[in-house]
Amino acid sequence: MSGNDFRDPVLLTGVGREGQVGEVVARTLAEAGATLLLVDRTADTARERAAALTAAGHRAFPFGCDLADAIAVSALGDRVRREHGDRLSALVHVAGGFALSGSLSESDVDTWHRMITINLTTAYVVTRALLPLLRAGHGSIVYFASEAALPGANVAAVAAYAAAKTAVVTLMRAVAQSERGSRVRANALAPTSIRTAANMQSMGEGARYIEREQVASAVAYLCSDAASAITGQLIALS
């Protein structure tokens, strides 16, 4: 990859705290030459990540936004246009979250709604708002699904999360098909458990992980010119 892959900014959602996957995805894209627009629900978190990248000599700009709020995301899109132009090279939607829902008969409706909101609704709302910028930049969208969305996955205790991530895959395919003519590509990654600080705390050292750097490399490739023929694909990372 080269800086030529990122002629326009890359918007990354869900940058999260230090030790999470968004941190390494952001760093990898910045090292590949991208100007980053970092979005997190908490503006302070986005500022922390942007400050760390800026201190390392990269270009990164923070934004706080509730990505499930269509009005707030529309305002975010307007601000991006005013401050950074009307083109994006890529949208990387890391924002989301995981929760056990247990057996269906004992599951909690609030957990179901929360999984749908933070994983699926955010993906839909952000894509809808930013598509004009991605069309102008002939950009790439990378969604985060999960191994729970793959055929044969064990989803008995995670039905809400699995349903949301499977729906993200369907959204990705719809975008890939409908935007082919505008040269906007859309793909999704389906990683197994990623070695993040949160996962290490909850699952311990003995779980099977993939590294954050492996995920970030896949994201950067899908955003690059080298992947210009790849769209509508669900890519498992294990």
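Mind checking whether some residue in region 11-27 is farther than 20 Å from V215 by Cα, touching a strand residue (DSSP E or B) at 6+ places or on another chain (Cβ under 6 Å) and of a type in the set (A, V, I, L, M, F, W, C)? Don't jump to the end; show me each part of the working.
So in region 11-27, the residues farther than 20 Å from V215 by Cα come out as none.
Looking through region 11-27, none of the residues is farther than 20 Å from V215 by Cα, touching a strand residue (DSSP E or B) at 6+ places or on another chain (Cβ under 6 Å) and of a type in the set (A, V, I, L, M, F, W, C).
Determine whether L11 is within 13 Å of the chain's Cα centre (by Cα), farther than 24 Å from A226 by Cβ and not small (G, A, S).
Working: within 13 Å of the chain's Cα centre (by Cα): yes; farther than 24 Å from A226 by Cβ: no; not small (G, A, S): yes.
So L11 does not fit the description; no.
Kindly indicate the residue of region 26-46 that is within 20 Å of A227 (Cβ to Cβ) and of a type outside the set (A, V, I, L, M, F, W, C) and also surrounded by the fewest Cβ atoms within 10 Å (Cβ to Cβ) among those meeting that condition.
Filtering region 26-46 for residues within 20 Å of A227 (Cβ to Cβ) gives 26-36.
Imposing the further condition that a residue be of a type outside the set (A, V, I, L, M, F, W, C) reduces the set to 27-28, 31, 33, 35.
Details: R27: 20, T28: 20, E31: 15, G33: 17, T35: 19.
Ranking the candidates gives E31 first.
Condition check: among the small types (G, A, S), under 18 Å from the mean Cα position of the chain (by Cα) and outside any helix (DSSP H, G or I). Does A123 satisfy that?
Values: among the small types (G, A, S): yes; under 18 Å from the mean Cα position of the chain (by Cα): yes; outside any helix (DSSP H, G or I): no.
When the stated conditions are applied, A123 does not pass them.
State the number of residues belonging to region 49-63 that are surrounded by fewer than 14 Cβ atoms within 10 Å (Cβ to Cβ) and either part of a helix (DSSP H, G or I) or of a type in the set (D, E) (or both).
Taking region 49-63 first, the residues surrounded by fewer than 14 Cβ atoms within 10 Å (Cβ to Cβ) are 51, 55-57.
So of that shortlist, the ones also either part of a helix (DSSP H, G or I) or of a type in the set (D, E) (or both) come out as 51, 55.
Number satisfying all stated conditions: 2.
Would you mind finding the one in V184, V168, V126 that is in contact with a Lys or Arg (Cβ under 8 Å, 6 or more places away or on another chain), at pLDDT 95 or above and surrounded by 22 or more Cβ atoms within 10 Å (Cβ to Cβ)? Reasoning before the result, please.
Numbers: V168 fails: in contact with a Lys or Arg (Cβ under 8 Å, 6 or more places away or on another chain); V126 fails: in contact with a Lys or Arg (Cβ under 8 Å, 6 or more places away or on another chain).
On inspection, the qualifying residue turns out to be V184.
What is the number of the single condition among (1) buried (at least 20 other Cβ atoms within 10 Å of the Cβ); (2) in a helix (DSSP H, G or I); (3) more than 16 Å from the chain's Cα centre (by Cα); (4) modelled with pLDDT under 95 that E23 does not meet?
For E23, the failing item is (3).
The values are calculated or read from the model by the stated rules, or taken from the named source; none is laboratory data. Treat the numbers as computed from the prediction; the structure is a model and nothing was measured. Note: ideal-geometry Cβ built from the backbone for every residue, glycine included; neighbour counts use all protein chains shown.
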